[in-house]
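The values are calculated or read from the model by the stated rules, or taken from the named source; none is laboratory data. In this text the structure is predicted, and so the values were computed from the model without any measurement. Cβ placement follows ideal geometry from the backbone for every residue including glycine, while neighbour counts extend to all protein chains displayed. For accessibility, only protein heavy atoms count, side chains too; no ligands or nucleic acids. Shrake-Rupley method; radii C 1.70, N 1.55, O 1.52, S 1.80 Å.
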Amino acid sequence: MLGPKKHQPKDWTNQSLKLLEEALHHWEVFPSGTEGYEKAEVTAGGVNTKELSGKSMESRKSPGLYFIGEVVDVTGWLGGYNFQWAWASAMAAGRDIASKASR
């Protein structure tokens, strides 16, 4: 269902559907406010995981540069999973850095 009738195409012609598609692709959302950091749960976006080594969290584009935790575009369930991701990704990066330093 498309929601209120005011958002439905005037008719179901190819031209009307094309206009609807363009409107959807250019739809902008403007938040009306925030509940603040007290209610904050998860961030979104960040460094694309395809740009990082999954073993070390090292940048493929800039060797020697590491990204961990919430700066990486990884989303998990609520309930401590973000903490686990932060610790695990930091451990992977730390181990890689330590192994390179000992060479």
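Dividing the summed -39500 (n - 2.57) terms of all DSSP H runs of n ≥ 4 by the residue count of the chain sets its mean residue ellipticity at 222 nm at -10500 deg cm²/dmol. Mean-square fluctuations from a GNM of the chain, with a 10 angstrom spring cutoff on Cα atoms, peak among 24, 65, 52 at 24.
Just one of (i) 15.9; (ii) 13.9; (iii) 17.7 is Kirkwood radius over Cα pairs in Å calculated from these coordinates, so which is it? Calculated Kirkwood radius over Cα pairs in Å: the matching label is (iii).
Taking every lysine pair in the chain that is 8 or more places apart or spans two chains, those with Cα atoms closer than 30 Å amount to 7.
Considering only 88, 23, 40, the mean-square fluctuation computed in a Gaussian network model of the chain, springs between alpha carbons under 10 angstrom, is largest for 23. Across 74, 29, 47, mean-square fluctuation computed from a Gaussian network of the chain (C-alpha pairs under 10 Å connected) peaks at 29.
Computed with a 1.4 Å probe over protein heavy atoms only, the accessible surface of the chain comes to 86 Å² per residue.
Between residue 75 and residue 20, the contour length at 0.36 nm per residue exceeds the Cα-Cα span by 16.7 nm. Close amide H partners of residue 52, meaning residues 5 or more places away or on another chain with modelled amide H under 5 Å apart, are 60.
At a Förster distance of 41 Å, what's the computed FRET efficiency of residue 99 paired with residue 27, Cβ-Cβ distance as r, to 0.05? According to the calculation, E is roughly 0.30. Close amide H partners of residue 66, meaning residues 5 or more places away or on another chain with modelled amide H under 5 Å apart, are 59. FRET efficiency for the residue 37 to residue 13 pair, using the beta carbon distance and R₀ = 30 Å, is estimated at 0.05. A Förster radius of 25 Å combined with the Cβ-Cβ distance from residue 60 to residue 83 puts the calculated FRET efficiency at roughly 0.45. For the chain, the fraction of 1.4 Å probe accessible surface lying on carbon and sulfur atoms is 59 percent.
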